[in-house]
Amino acid sequence: MAQPSRFEIAVLPGDGIGVEVTAAALDVLDALAAVVGGFRFAWRHYPGGARAYRDTGVALSDETMKALENADAILFGAMGLPDIRYADGTEIAPQLDIRVNLDLYAGVRPIRAFAGLPCPLSDPRAAGIDFVLIREQTEGLFYARGRGQVIAGQEAHDTMRITRKGSERVFDFALRLAERRKERGRSGRVTCVDKSNVFTSMAFFRRIFDEQARRFPAVAADHCYIDAMALNLVHQPWSYDVIVTENMFGDILSDLGAGLVGGMGMAPSGDIGDRHALFQPAHGSAPDIAGTGKANPTAMFLSAVMMLEWFAERHGQTACRDAADALGRAIERTFQQGRVKPFEFGGSSGTAAITRAVMDAFRVNARKR
Ligand code: ATP
(Lines give C-alpha, C1' and ligand atoms only; values in the text may rest on other atoms or scores of the structure.)
Protein backbone atom coordinates (compact mmCIF):
# COMPACT_ATOMS: atom_id res chain seq x y z
CA MET A 1 0.00 0.00 0.00
CA ALA A 2 1.28 3.51 -0.83
CA GLN A 3 2.66 5.47 2.10
CA PRO A 4 0.64 8.59 2.95
CA SER A 5 2.34 11.84 1.91
CA ARG A 6 4.01 13.58 4.80
CA PHE A 7 4.14 17.37 4.86
CA GLU A 8 6.64 19.18 7.06
CA ILE A 9 4.96 22.36 8.21
CA ALA A 10 6.83 25.17 9.94
CA VAL A 11 4.52 26.52 12.63
CA LEU A 12 4.99 30.08 13.89
CA PRO A 13 2.22 30.81 16.43
CA GLY A 14 3.66 34.26 17.30
CA ASP A 15 1.89 36.57 19.73
CA GLY A 16 -1.51 37.10 21.34
CA ILE A 17 -4.40 35.26 19.71
CA GLY A 18 -1.98 33.98 17.04
CA VAL A 19 -0.98 31.31 19.57
CA GLU A 20 -4.61 30.39 20.33
CA VAL A 21 -5.91 30.10 16.77
CA THR A 22 -2.78 28.21 15.65
CA ALA A 23 -3.26 25.55 18.35
CA ALA A 24 -6.90 25.19 17.27
CA ALA A 25 -5.91 24.83 13.59
CA LEU A 26 -3.35 22.10 14.31
CA ASP A 27 -6.02 20.11 16.20
CA VAL A 28 -8.40 20.52 13.26
CA LEU A 29 -5.79 19.56 10.66
CA ASP A 30 -4.66 16.45 12.58
CA ALA A 31 -8.28 15.32 12.95
CA LEU A 32 -8.92 16.05 9.26
CA ALA A 33 -5.86 14.05 8.14
CA ALA A 34 -7.11 11.11 10.24
CA VAL A 35 -10.61 11.30 8.69
CA VAL A 36 -9.59 11.84 5.04
CA GLY A 37 -6.37 9.78 4.97
CA GLY A 38 -3.63 9.79 2.32
CA PHE A 39 -1.48 12.47 3.96
CA ARG A 40 -0.21 13.53 7.37
CA PHE A 41 1.59 16.45 8.92
CA ALA A 42 4.84 16.82 10.84
CA TRP A 43 4.61 20.08 12.82
CA ARG A 44 7.85 21.97 13.47
CA HIS A 45 7.32 24.81 15.96
CA TYR A 46 9.51 27.91 15.91
CA PRO A 47 9.58 30.96 18.21
CA GLY A 48 9.21 34.46 16.82
CA GLY A 49 7.37 37.74 17.24
CA ALA A 50 7.20 40.63 19.68
CA ARG A 51 7.43 38.56 22.86
CA ALA A 52 10.41 36.67 21.46
CA TYR A 53 12.02 40.05 20.70
CA ARG A 54 11.39 41.30 24.24
CA ASP A 55 12.80 38.12 25.78
CA THR A 56 15.79 37.48 23.50
CA GLY A 57 16.38 40.65 21.48
CA VAL A 58 15.64 38.74 18.24
CA ALA A 59 12.21 38.74 16.56
CA LEU A 60 13.00 35.86 14.18
CA SER A 61 16.38 34.14 14.16
CA ASP A 62 18.45 33.41 11.04
CA GLU A 63 18.17 29.67 11.82
CA THR A 64 14.39 29.93 11.84
CA MET A 65 14.42 31.83 8.55
CA LYS A 66 16.58 29.06 7.06
CA ALA A 67 14.23 26.38 8.41
CA LEU A 68 11.28 28.15 6.76
CA GLU A 69 13.01 27.77 3.38
CA ASN A 70 13.11 24.00 3.85
CA ALA A 71 9.52 23.52 5.05
CA ASP A 72 6.78 22.30 2.70
CA ALA A 73 4.65 25.23 3.90
CA ILE A 74 4.41 27.68 6.78
CA LEU A 75 1.47 28.15 9.14
CA PHE A 76 1.65 31.51 10.84
CA GLY A 77 -0.54 32.87 13.68
CA ALA A 78 0.08 36.58 14.21
CA MET A 79 3.09 38.62 15.28
CA GLY A 80 3.42 42.06 16.85
CA LEU A 81 2.24 43.74 20.04
CA PRO A 82 1.59 47.49 20.27
CA ASP A 83 3.65 48.00 23.44
CA ILE A 84 6.78 46.22 22.17
CA ARG A 85 8.43 48.25 19.41
CA TYR A 86 11.71 49.01 17.73
CA ALA A 87 13.53 52.21 18.70
CA ASP A 88 12.03 54.14 15.73
CA GLY A 89 8.49 53.39 16.96
CA THR A 90 7.59 50.72 14.37
CA GLU A 91 6.12 47.38 15.45
CA ILE A 92 7.88 44.03 15.43
CA ALA A 93 6.67 42.45 12.19
CA PRO A 94 8.91 39.55 11.06
CA GLN A 95 6.12 38.45 8.70
CA LEU A 96 7.19 41.34 6.46
CA ASP A 97 10.78 40.05 6.42
CA ILE A 98 9.57 36.52 5.63
CA ARG A 99 7.59 37.81 2.63
CA VAL A 100 10.65 39.53 1.20
CA ASN A 101 13.18 36.77 2.05
CA LEU A 102 11.05 33.95 0.62
CA ASP A 103 9.77 36.12 -2.23
CA LEU A 104 6.12 35.58 -1.29
CA TYR A 105 4.94 38.17 -3.77
CA ALA A 106 1.22 37.40 -3.97
CA GLY A 107 -0.83 38.14 -0.87
CA VAL A 108 -4.04 36.23 -1.55
CA ARG A 109 -7.01 37.38 0.54
CA PRO A 110 -10.35 35.75 -0.28
CA ILE A 111 -13.35 37.69 0.99
CA ARG A 112 -16.59 35.71 1.13
CA ALA A 113 -19.89 36.12 2.95
CA PHE A 114 -21.00 33.14 5.04
CA ALA A 115 -24.63 32.09 5.19
CA GLY A 116 -25.93 32.06 8.77
CA LEU A 117 -23.82 34.98 9.97
CA PRO A 118 -25.06 38.56 10.14
CA CYS A 119 -23.65 40.80 7.43
CA PRO A 120 -22.81 44.44 8.21
CA LEU A 121 -24.32 45.50 4.84
CA SER A 122 -28.12 45.54 4.73
CA ASP A 123 -28.40 45.02 0.94
CA PRO A 124 -29.44 41.36 0.33
CA ARG A 125 -26.90 41.16 -2.52
CA ALA A 126 -24.20 41.23 0.17
CA ALA A 127 -24.85 37.49 0.66
CA GLY A 128 -23.15 37.05 -2.72
CA ILE A 129 -19.85 38.73 -1.74
CA ASP A 130 -17.09 36.49 -3.12
CA PHE A 131 -13.94 38.15 -4.37
CA VAL A 132 -10.21 37.67 -3.97
CA LEU A 133 -7.87 40.52 -3.23
CA ILE A 134 -4.32 40.05 -4.50
CA ARG A 135 -1.83 42.30 -2.74
CA GLU A 136 1.69 42.69 -4.14
CA GLN A 137 3.95 42.01 -1.15
CA THR A 138 7.61 42.56 -1.95
CA GLU A 139 7.73 46.21 -2.99
CA GLY A 140 5.24 49.10 -3.35
CA LEU A 141 5.16 51.55 -0.44
CA PHE A 142 6.32 48.83 1.97
CA TYR A 143 9.65 48.94 0.15
CA ALA A 144 10.29 51.95 2.39
CA ARG A 145 10.26 49.80 5.53
CA GLY A 146 13.63 50.18 7.23
CA ARG A 147 14.71 52.74 4.61
CA GLY A 148 12.65 55.77 5.62
CA GLN A 149 14.44 58.97 6.59
CA VAL A 150 13.69 61.83 8.92
CA ILE A 151 15.75 64.80 7.78
CA ALA A 152 16.95 67.26 10.42
CA GLY A 153 13.77 66.74 12.43
CA GLN A 154 11.89 68.69 9.75
CA GLU A 155 10.66 66.24 7.13
CA ALA A 156 10.36 62.52 6.52
CA HIS A 157 10.58 60.47 3.32
CA ASP A 158 9.30 56.98 2.50
CA THR A 159 9.68 55.79 -1.09
CA MET A 160 7.29 53.67 -3.16
CA ARG A 161 9.04 51.19 -5.48
CA ILE A 162 7.31 49.59 -8.45
CA THR A 163 9.32 47.29 -10.73
CA ARG A 164 8.37 45.68 -14.02
CA LYS A 165 9.30 42.21 -12.74
CA GLY A 166 7.42 42.65 -9.43
CA SER A 167 4.32 43.93 -11.23
CA GLU A 168 4.28 41.42 -14.09
CA ARG A 169 4.39 38.40 -11.81
CA VAL A 170 1.66 39.58 -9.48
CA PHE A 171 -0.58 40.55 -12.42
CA ASP A 172 0.01 37.12 -13.98
CA PHE A 173 -0.96 35.53 -10.67
CA ALA A 174 -4.21 37.52 -10.53
CA LEU A 175 -5.06 36.91 -14.20
CA ARG A 176 -4.44 33.15 -13.91
CA LEU A 177 -6.60 33.05 -10.79
CA ALA A 178 -9.42 34.81 -12.68
CA GLU A 179 -9.13 32.23 -15.48
CA ARG A 180 -9.54 29.39 -12.96
CA ARG A 181 -12.42 31.14 -11.21
CA LYS A 182 -14.15 31.62 -14.58
CA GLU A 183 -13.96 27.86 -15.15
CA ARG A 184 -15.82 27.50 -11.84
CA GLY A 185 -18.59 29.88 -12.93
CA ARG A 186 -17.33 33.24 -11.65
CA SER A 187 -17.14 36.26 -13.96
CA GLY A 188 -13.41 35.98 -14.70
CA ARG A 189 -12.55 39.65 -14.25
CA VAL A 190 -9.53 41.38 -12.74
CA THR A 191 -9.66 44.96 -11.47
CA CYS A 192 -6.35 46.75 -11.04
CA VAL A 193 -6.45 49.30 -8.21
CA ASP A 194 -4.02 52.21 -8.36
CA LYS A 195 -3.64 55.98 -8.14
CA SER A 196 -2.35 56.44 -11.68
CA ASN A 197 -3.99 59.85 -11.98
CA VAL A 198 -1.47 61.26 -9.50
CA PHE A 199 1.67 59.12 -9.23
CA THR A 200 4.17 58.22 -11.95
CA SER A 201 4.85 54.90 -10.23
CA MET A 202 1.14 54.05 -10.33
CA ALA A 203 0.78 55.04 -14.00
CA PHE A 204 3.68 52.65 -14.72
CA PHE A 205 1.91 49.96 -12.64
CA ARG A 206 -1.29 50.40 -14.67
CA ARG A 207 0.55 50.31 -17.99
CA ILE A 208 2.16 46.98 -17.09
CA PHE A 209 -1.23 45.63 -15.99
CA ASP A 210 -2.71 46.50 -19.41
CA GLU A 211 0.19 44.79 -21.18
CA GLN A 212 -0.17 41.61 -19.11
CA ALA A 213 -3.96 41.55 -19.38
CA ARG A 214 -3.72 41.43 -23.20
CA ARG A 215 -2.09 38.01 -22.83
CA PHE A 216 -5.27 36.67 -21.12
CA PRO A 217 -8.08 37.24 -23.64
CA ALA A 218 -10.58 35.17 -21.65
CA VAL A 219 -10.27 37.48 -18.66
CA ALA A 220 -12.01 40.85 -18.50
CA ALA A 221 -9.63 43.51 -17.20
CA ASP A 222 -10.46 46.95 -15.83
CA HIS A 223 -9.11 49.59 -13.42
CA CYS A 224 -10.25 51.58 -10.44
CA TYR A 225 -8.57 54.34 -8.43
CA ILE A 226 -7.98 53.42 -4.79
CA ASP A 227 -10.29 56.16 -3.47
CA ALA A 228 -13.14 55.05 -5.75
CA MET A 229 -12.51 51.44 -4.74
CA ALA A 230 -12.96 52.33 -1.04
CA LEU A 231 -16.43 53.57 -2.00
CA ASN A 232 -17.27 50.74 -4.40
CA LEU A 233 -16.33 48.05 -1.92
CA VAL A 234 -18.97 49.41 0.45
CA HIS A 235 -21.57 50.12 -2.28
CA GLN A 236 -21.25 47.00 -4.43
CA PRO A 237 -18.64 44.51 -3.20
CA TRP A 238 -20.61 41.63 -4.78
CA SER A 239 -19.71 42.95 -8.24
CA TYR A 240 -15.97 42.17 -7.93
CA ASP A 241 -14.16 38.95 -8.78
CA VAL A 242 -10.36 39.44 -8.50
CA ILE A 243 -8.75 42.70 -7.37
CA VAL A 244 -5.01 43.32 -7.69
CA THR A 245 -3.11 46.19 -6.13
CA GLU A 246 0.18 47.41 -4.66
CA ASN A 247 1.32 46.55 -1.14
CA MET A 248 -0.01 49.45 0.95
CA PHE A 249 -3.37 49.76 -0.82
CA GLY A 250 -3.75 45.99 -0.44
CA ASP A 251 -3.00 46.21 3.28
CA ILE A 252 -5.82 48.71 3.72
CA LEU A 253 -8.34 47.04 1.42
CA SER A 254 -7.88 43.67 3.10
CA ASP A 255 -9.11 45.05 6.44
CA LEU A 256 -12.00 46.74 4.62
CA GLY A 257 -12.77 43.39 2.95
CA ALA A 258 -12.77 41.57 6.30
CA GLY A 259 -15.13 44.21 7.68
CA LEU A 260 -17.55 43.65 4.77
CA VAL A 261 -18.10 40.03 5.80
CA GLY A 262 -18.36 40.67 9.51
CA GLY A 263 -14.94 40.64 11.08
CA MET A 264 -11.24 39.94 11.07
CA GLY A 265 -11.86 36.43 12.36
CA MET A 266 -13.41 35.43 9.00
CA ALA A 267 -10.60 36.61 6.69
CA PRO A 268 -7.90 34.10 5.69
CA SER A 269 -4.78 34.74 3.67
CA GLY A 270 -2.00 33.01 1.77
CA ASP A 271 1.36 34.61 1.01
CA ILE A 272 2.42 32.78 -2.11
CA GLY A 273 5.59 32.77 -4.19
CA ASP A 274 6.90 30.50 -6.91
CA ARG A 275 8.63 28.17 -4.42
CA HIS A 276 7.28 28.86 -0.94
CA ALA A 277 3.97 29.67 0.70
CA LEU A 278 2.81 30.89 4.09
CA PHE A 279 -0.77 30.76 5.35
CA GLN A 280 -2.12 32.99 8.10
CA PRO A 281 -5.31 34.70 9.24
CA ALA A 282 -5.51 38.28 7.96
CA HIS A 283 -5.93 39.58 11.51
CA GLY A 284 -3.21 40.60 13.95
CA SER A 285 -2.45 39.46 17.49
CA ALA A 286 -5.55 41.24 18.91
CA PRO A 287 -4.11 41.86 22.40
CA ASP A 288 -7.49 43.23 23.52
CA ILE A 289 -9.00 39.73 23.47
CA ALA A 290 -5.88 37.54 23.87
CA GLY A 291 -6.21 35.10 26.77
CA THR A 292 -10.01 35.46 26.98
CA GLY A 293 -10.84 32.48 24.73
CA LYS A 294 -12.98 34.80 22.56
CA ALA A 295 -10.87 34.70 19.39
CA ASN A 296 -12.67 33.43 16.31
CA PRO A 297 -10.36 30.76 14.79
CA THR A 298 -12.26 30.59 11.47
CA ALA A 299 -9.80 32.79 9.55
CA MET A 300 -7.04 30.41 10.59
CA PHE A 301 -9.10 27.37 9.53
CA LEU A 302 -9.84 28.97 6.16
CA SER A 303 -6.11 29.67 5.77
CA ALA A 304 -5.53 25.95 6.41
CA VAL A 305 -8.02 25.21 3.60
CA MET A 306 -5.89 27.44 1.34
CA MET A 307 -2.76 25.51 2.36
CA LEU A 308 -4.44 22.21 1.46
CA GLU A 309 -5.55 23.65 -1.91
CA TRP A 310 -1.99 24.82 -2.55
CA PHE A 311 -0.65 21.31 -1.83
CA ALA A 312 -3.32 19.84 -4.12
CA GLU A 313 -2.31 22.15 -6.99
CA ARG A 314 1.41 21.92 -6.46
CA HIS A 315 1.71 18.19 -5.86
CA GLY A 316 -1.41 16.96 -7.67
CA GLN A 317 -2.59 15.50 -4.35
CA THR A 318 -6.24 14.49 -4.60
CA ALA A 319 -6.31 13.65 -0.87
CA CYS A 320 -5.42 17.27 -0.10
CA ARG A 321 -8.14 18.45 -2.49
CA ASP A 322 -10.65 16.20 -0.69
CA ALA A 323 -9.46 17.48 2.69
CA ALA A 324 -9.71 21.13 1.57
CA ASP A 325 -13.28 20.53 0.34
CA ALA A 326 -14.23 18.66 3.52
CA LEU A 327 -12.91 21.39 5.82
CA GLY A 328 -14.37 24.20 3.70
CA ARG A 329 -17.79 22.52 3.71
CA ALA A 330 -17.61 21.81 7.45
CA ILE A 331 -16.93 25.50 8.18
CA GLU A 332 -19.80 26.59 5.91
CA ARG A 333 -22.23 24.12 7.46
CA THR A 334 -21.26 25.03 11.01
CA PHE A 335 -22.35 28.63 10.48
CA GLN A 336 -25.24 27.89 8.13
CA GLN A 337 -26.83 25.60 10.71
CA GLY A 338 -26.39 28.24 13.41
CA ARG A 339 -24.33 25.88 15.58
CA VAL A 340 -22.03 28.66 16.70
CA LYS A 341 -21.96 32.45 16.64
CA PRO A 342 -18.55 34.06 17.26
CA PHE A 343 -18.18 36.87 19.81
CA GLU A 344 -17.26 39.34 17.05
CA PHE A 345 -20.76 38.76 15.58
CA GLY A 346 -22.40 39.42 18.95
CA GLY A 347 -22.58 35.73 19.85
CA SER A 348 -21.01 33.75 22.67
CA SER A 349 -18.98 31.06 20.88
CA GLY A 350 -15.27 31.21 21.60
CA THR A 351 -12.25 29.48 20.11
CA ALA A 352 -12.91 26.10 21.76
CA ALA A 353 -16.62 25.95 20.83
CA ILE A 354 -16.02 26.89 17.18
CA THR A 355 -13.14 24.39 16.89
CA ARG A 356 -15.31 21.60 18.33
CA ALA A 357 -18.24 22.45 16.07
CA VAL A 358 -16.10 22.44 12.91
CA MET A 359 -14.49 19.11 13.82
CA ASP A 360 -17.90 17.58 14.59
CA ALA A 361 -19.15 18.81 11.20
CA PHE A 362 -16.50 17.07 9.11
CA ARG A 363 -16.61 13.90 11.24
CA VAL A 364 -20.40 13.65 10.80
CA ASN A 365 -20.03 14.15 7.07
CA ALA A 366 -17.28 11.49 6.85
CA ARG A 367 -19.62 8.97 8.55
CA LYS A 368 -22.35 9.77 5.99
CA ARG A 369 -20.06 8.99 3.04
P1 ATP B 1 -2.21 44.13 12.72
O2 ATP B 1 -1.85 45.55 12.43
O3 ATP B 1 -1.19 43.41 13.56
O4 ATP B 1 -2.67 43.34 11.54
P5 ATP B 1 -4.70 45.11 13.58
O6 ATP B 1 -4.38 46.46 14.10
O7 ATP B 1 -5.33 44.99 12.22
O8 ATP B 1 -3.44 44.16 13.68
P9 ATP B 1 -6.09 43.05 14.90
O10 ATP B 1 -5.15 42.43 15.87
O11 ATP B 1 -6.34 42.34 13.65
O12 ATP B 1 -5.62 44.53 14.66
O13 ATP B 1 -7.45 43.34 15.61
C14 ATP B 1 -8.37 44.35 15.20
C15 ATP B 1 -9.68 44.17 15.93
O16 ATP B 1 -10.31 42.98 15.47
C17 ATP B 1 -9.49 44.01 17.44
O18 ATP B 1 -10.51 44.71 18.12
C19 ATP B 1 -9.63 42.54 17.68
O20 ATP B 1 -10.18 42.23 18.92
C21 ATP B 1 -10.53 42.07 16.54
N22 ATP B 1 -10.12 40.73 16.07
C23 ATP B 1 -9.06 40.45 15.31
N24 ATP B 1 -8.98 39.13 15.08
C25 ATP B 1 -10.03 38.56 15.69
C26 ATP B 1 -10.51 37.22 15.82
N27 ATP B 1 -9.87 36.18 15.25
N28 ATP B 1 -11.62 36.99 16.53
C29 ATP B 1 -12.27 38.02 17.09
N30 ATP B 1 -11.89 39.31 17.02
C31 ATP B 1 -10.78 39.59 16.32
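Report, by residue number, each residue of segment 107-124 that is part of a loop (DSSP other than H, G, I, E, B) and more than 22 Å from P342 (Cβ to Cβ). Let's see the steps before the verdict.
In the first step, residues of segment 107-124 are kept if they are part of a loop (DSSP other than H, G, I, E, B); the result is 113-123.
Scanning segment 107-124 gives a single hit, D123.
So L253 clears everything in (1) over 13 Å from the mean Cα position of the chain (by Cα); (2) in the same structural domain as I129 (by TED's automatic domain parsing); (3) hydrophobic (A, V, I, L, M, F, W, C) except one condition, right? Which one?
The failed condition is (1).
May I ask you to list the residues in segment 93-106 that are out of contact with any strand residue (DSSP E or B) (no Cβ under 6 Å at 6 or more places or on another chain) and assigned to a loop (DSSP other than H, G, I, E, B)?
Correct list: A93, L102, D103, Y105.
From F41, F76, F7, F114, which residue is assigned by TED's automatic domain parsing to the domain that holds A319 and closer than 29 Å to G250 by Cα?
Values: F41 fails: closer than 29 Å to G250 by Cα; F7 fails: closer than 29 Å to G250 by Cα; F114 fails: assigned by TED's automatic domain parsing to the domain that holds A319.
On inspection, the qualifying residue turns out to be F76.
Residues that are within 15 Å of the ligand (Cβ to nearest atom) and not hydrophobic (A, V, I, L, M, F, W, C), at least 2 per element: which strands (runs of 3 or more DSSP E) completely within segment 197-294 meet that? Give the steps one after another, and end with the answer.
Working: elements: 220-225, 242-245, 268-272, 277-281.
Those strands (runs of 3 or more DSSP E) span 268-272, 277-281.
So the check is Cβ under 6 Å with 6+ separation or different chains; which pairs have a first residue in segment 277-288 that's at pLDDT below 95 and a second one that's more than 10 Å from the ligand (Cβ to nearest atom)?
Matching pairs, first to second residue: A282/R109; A282/S269.
Name the residue that is least open to solvent (accessible area, probe 1.4 Å), counting only residues in segment 316-348 that are without any contact (Cβ under 8 Å) to a residue 12 or more places away in the chain and not acidic (D, E).
As a first pass, look at segment 316-348 and keep what is without any contact (Cβ under 8 Å) to a residue 12 or more places away in the chain: 316, 325, 347-348.
Now narrow it down to the ones that are not acidic (D, E): 316, 347-348.
Values: G316: 61, G347: 17, S348: 98 Å².
Ranking the qualifying residues of segment 316-348, first place goes to G347.
Among the candidates R99, R169, R184, single out the residue that is buried (at least 17 other Cβ atoms within 10 Å of the Cβ), at pLDDT below 95 and not aliphatic (A, V, I, L, M). Full working, then the answer.
Values: R169 fails: at pLDDT below 95; R184 fails: buried (at least 17 other Cβ atoms within 10 Å of the Cβ).
Just one listed residue meets the conditions, R99.
Sort through R109, R184, R161, R180 and tell me the only one that's on the phi < 0 side of the Ramachandran plot and in contact (Cβ under 8 Å) with a residue 60 or more places away in the chain. Don't jump to the end; show me each part of the working.
Details: R184 fails: in contact (Cβ under 8 Å) with a residue 60 or more places away in the chain; R161 fails: in contact (Cβ under 8 Å) with a residue 60 or more places away in the chain; R180 fails: in contact (Cβ under 8 Å) with a residue 60 or more places away in the chain.
Selected residue: R109, the only one of R109, R184, R161, R180 that is on the phi < 0 side of the Ramachandran plot and in contact (Cβ under 8 Å) with a residue 60 or more places away in the chain.
Filter segment 48-94 down to the residues that are among the β-branched types (V, I, T) and within 14 Å of the ligand (Cβ to nearest atom) and list them by number.
So the first thing to find is which residues in segment 48-94 are among the β-branched types (V, I, T), and the list is 56, 58, 64, 74, 84, 90, 92.
Across segment 48-94, the qualifying residues are I84, T90, I92.
Only one residue in A87, A127, A156 is farther than 30 Å from R40 by Cβ, assigned to a helix (DSSP H, G or I) and open to solvent by 70 Å² or more (accessible area, probe 1.4 Å). Which one?
After ruling out the rest, the residue left standing is A127.
Check segment 30-37 and report whether any residue there is in contact with a Pro (Cβ under 9 Å, 6 or more places away or on another chain), within 15 Å of the ligand (Cβ to nearest atom) and either farther than 30 Å from G316 by Cβ or open to solvent by 20 Å² or more (accessible area, probe 1.4 Å) (or both).
no
Would you mind stating whether I98 is touching a residue at least 12 places away in the same chain (Cβ under 8 Å), more than 16 Å from the ligand (Cβ to nearest atom) and within 21 Å of A299 (Cβ to Cβ)?
no
Name the single residue that is farthest from the ligand (Cβ to nearest atom) among those in segment 297-336 being at pLDDT below 95 and not in a helix (DSSP H, G or I).
G316
Looking at segment 288-314, which of its residues are under 21 Å from the mean Cα position of the chain (by Cα) and open to solvent by 20 Å² or more (accessible area, probe 1.4 Å)?
Within segment 288-314, I289, A290, K294, M306, E309, W310, E313, R314 qualify.
Has segment 223-230 got any residue that is surrounded by fewer than 18 Cβ atoms within 10 Å (Cβ to Cβ), more than 24 Å from L68 (Cβ to Cβ) and charged (D, E, K, R)?
Taking every residue of segment 223-230 in turn, at least one turns out to be surrounded by fewer than 18 Cβ atoms within 10 Å (Cβ to Cβ), more than 24 Å from L68 (Cβ to Cβ) and charged (D, E, K, R).
Identify all residues within segment 243-259 that are open to solvent by 10 Å² or more (accessible area, probe 1.4 Å), farther than 16 Å from S201 by Cβ and not small (G, A, S); write none if there are none.
So the first thing to find is which residues in segment 243-259 are open to solvent by 10 Å² or more (accessible area, probe 1.4 Å), and the list is 248-249, 251-252, 255-256, 259.
Going one step further and asking which of them are farther than 16 Å from S201 by Cβ, we end up with 251-252, 255-256, 259.
The answer is D251, I252, D255, L256.
Restricted to segment 45-61, and to residues that are more than 19 Å from A71 (Cβ to Cβ) and over 21 Å from the mean Cα position of the chain (by Cα), which residue is most open to solvent (accessible area, probe 1.4 Å)? Lay out the reasoning, then the answer.
Filtering segment 45-61 for residues more than 19 Å from A71 (Cβ to Cβ) gives 50-51, 53-58.
Of the ones still in play, those that are also over 21 Å from the mean Cα position of the chain (by Cα) are 51, 53-58.
Values: R51: 103, Y53: 64, R54: 144, D55: 108, T56: 97, G57: 49, V58: 70 Å².
Residue satisfying both the conditions and the ranking: R54.
The values are calculated or read from the model by the stated rules, or taken from the named source; none is laboratory data. Worth saying up front: this structure is predicted, and the values here are computed from it rather than measured. No Cβ is skipped: glycine too gets one built from the backbone with ideal geometry, and neighbour counts run over all protein chains shown. Side chains are part of the model used for accessible areas, which takes the heavy atoms of the whole protein and leaves out ligands, DNA and RNA. Shrake-Rupley method; radii C 1.70, N 1.55, O 1.52, S 1.80 Å.
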